[in-house]
Amino acid sequence: MKKRYFLCAMVLILIACHKKSDQPYSPVTESPQSPMSKQQINEFIRQQLVQKGTFDWKDASDEMVWSALQNSDSLLSVGYQPLGETAVESRVHTININAAAWVNARDQVLDLIYQEEKRHRLYLQKEALEAWKEYNIPVVNVKVSSLKSLQLLRGSSLVRYAEPMGYDPIATFEQRVPAARSLSGGGSGCGGYVANTGLVSGSDYTTILPNAKASWNYAYHNIQNAWLKSTGAGVKIMVIDTGVSPDQENLGTGFNQGQSTNRTVEKIVTLPYETSTIDGCGHGTTMSGVATAPRCTNGNACGVAYNASLVVCRAVNDVFIDGSSEVKGVSDAYVWGANNSSVKIISMSLGRLTSSSQIRDAIQYAYGKGKLMFCAGGTSYNITSWLVGVIFPATLTQVQAVTGIQDKAISTACDDCHKGSQIDFVVVMEKQSTGLHGLSTAVSGNVPTTVGGSSVATATAAGIAALVWSRFPSYSRDQVLNKLTVSASGYPYKSSSFGWGKLNADAATN
């Protein structure tokens, strides 16, 4: 009898163990008394950046991720999947998150969070868990207070990633030395985009018909020669940035003038809680101008693809993607561009130090839809230039990473430009002798401003790509990219710092 009882007990234990192994989470511990400090978290991130060149939250401990939540707004980005699914990222553009299996997985993840969080937040309603709704990619954004909740998620087979949305140390690192340009109440990379009245004709620009200014750096990429074959007509570029100034008519009511005709400009906003597309920073206005400003009659700067159409999206407040709302804004912008069949090229001169799997999902989604994407390799005014090479998301293989160089030698990056093995192309945008940068539209008026860094290089590259796609309208994304690559100055050799080299618009449109 005892033997039979023992055997039965063992069977029950084995069954229980088997069932436990099927649960989508692992053992957990209670929250520590206090989270790690920002200094501790940032030091770990810095070490990872120095050692690896990139930082991914999967390399951090549960306690560190939880501490990052406590040191920010507690919003967690959770990528989910049904049990048994694999390689979701590479086919995210094909997934219907409204299919039963995906809805069930999402509900299980939310229930897992709710069951733990309600122990600490007595009045929590399950319906209030999500900060924002997602309609295209398999991710939920939820506020998490408990370390145990985080551990349950990170140990679950239903969860692809669980990352703090609003924690990135880039702003903290920037504060260690004099800050970047800023408007009153603005952020890094903002301000200063006003008329440059000291520009010299023949040296800093060339006057072209009907009365526009072609930036001095266009000659280094044979852009004016390319204009004899293509002006960007029939191609739509999406610029993801800080919006556009309503006071710059060349990107508004004057978008079609002079030799720029039959094209459209669309202004949208994906930054949560915002409804205005107005650029309070100035950066988005200049990037839009570099890519698509009209070949005008009023003496302003001419964009590279002056007959391309434009979608300018306000997804952030400044050039750092360092808040939860900005992560969501950028993610939604890429999804919007992916789902708009008329958008062929997406340009984004923004970045962050830590990776964001939610943004990566959105970029992969757009890549799967055939979009050609350009991202800035990184621009610093201080510590981040030596702290890290190429910044996220330019580190992703699905995008073309661009940086800026000086006019005298391809081996010399601009004063603030990042470089590294992930760079694909470079654009001349800084005079070595004077430090003068490329021309663009100012936030208002018809006197151009100047703008530097990998930002202007990226928008210029997007404009050159539009010239190529307009010249070969039946081409796929990969065929356009091949044209850009084989005509670049370094091809067939790729530099460990400057990619394939300088883009050549004239050769690429042959």
Next on the checklist: Tell me yes or no: at least one residue of the stretch 344-356 is of a type in the set (A, V, I, L, M, F, W, C), crowded, with 23+ Cβ neighbours inside 10 Å, in contact with a Ser or Thr (Cβ under 6 Å, 6 or more places away or on another chain) and within 26 Å of residue 304 (Cβ to Cβ).
Outcome noted: no
Next on the checklist: If the requirement is being under 12 Å from the mean Cα position of the chain (by Cα), touching a residue at least 12 places away in the same chain (Cβ under 8 Å) and farther than 15 Å from residue 281 by Cβ, which of these qualifies: 345, 321, 363?
Outcome noted: 363
Item to check | Failed condition for residue 43, given (1) under 25 Å from the mean Cα position of the chain (by Cα); (2) surrounded by 16 or more Cβ atoms within 10 Å (Cβ to Cβ); (3) at pLDDT below 95 | outcome: (2)
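Yes/no per residue for (1) free of Cβ contacts under 8 Å to residues at least 12 places away in the same chain; (2) farther than 25 Å from residue 299 by Cβ:
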site: 462; (1), (2): no, no
site: 475; (1), (2): yes, yes
site: 480; (1), (2): no, yes
site: 497; (1), (2): no, yes
Next on the checklist: more than 21 Å from the chain's Cα centre (by Cα) and at pLDDT 95 or above: is that true of residue 94 in this structure?
Outcome noted: yes
Checklist entry - List the pairs whose first member sits in the stretch 234-247 and is without any contact (Cβ under 8 Å) to a residue 60 or more places away in the chain, whose second member is surrounded by fewer than 24 Cβ atoms within 10 Å (Cβ to Cβ) and assigned to a loop (DSSP other than H, G, I, E, B), and whose Cβ atoms are under 8 Å apart, counting only residues at least 6 apart or on separate chains? => result 246/252
Next on the checklist: Quick check on the stretch 9-22. Is at least one of its residues of a type in the set (S, T, N, Q) and at pLDDT below 50?
Outcome noted: yes
Item to check | Options 298, 307: the member that is within 11 Å of residue 237 (Cα to Cα), assigned to a loop (DSSP other than H, G, I, E, B) and more than 22 Å from the chain's Cα centre (by Cα) | outcome: 307
Checklist entry - Tell me, which residue of the stretch 203-233 that is among the small types (Gly, Ala, Ser) and free of Cβ contacts under 8 Å to residues at least 40 places away in the same chain is surrounded by the fewest Cβ atoms within 10 Å (Cβ to Cβ)? => result 203
Item to check | Candidates 507, 442, filtered to the one that is in a loop (DSSP other than H, G, I, E, B), of a type in the set (A, V, I, L, M, F, W, C) and over 22 Å from the mean Cα position of the chain (by Cα) | outcome: 442
Item to check | Unique match (being modelled with pLDDT under 95, within 26 Å of residue 34 (Cα to Cα) and either in contact with a Phe, Trp or Tyr (Cβ under 7 Å, 6 or more places away or on another chain) or surrounded by 13 or more Cβ atoms within 10 Å (Cβ to Cβ) (or both)) among 110, 122, 150, 129 | outcome: 129
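The values are calculated or read from the model by the stated rules, or taken from the named source; none is laboratory data. From a predicted model like this one, the values you see are computed outputs, not experimental measurements. Glycine also receives a Cβ, built like all others from the backbone with ideal geometry; neighbour counts cover every protein chain displayed.
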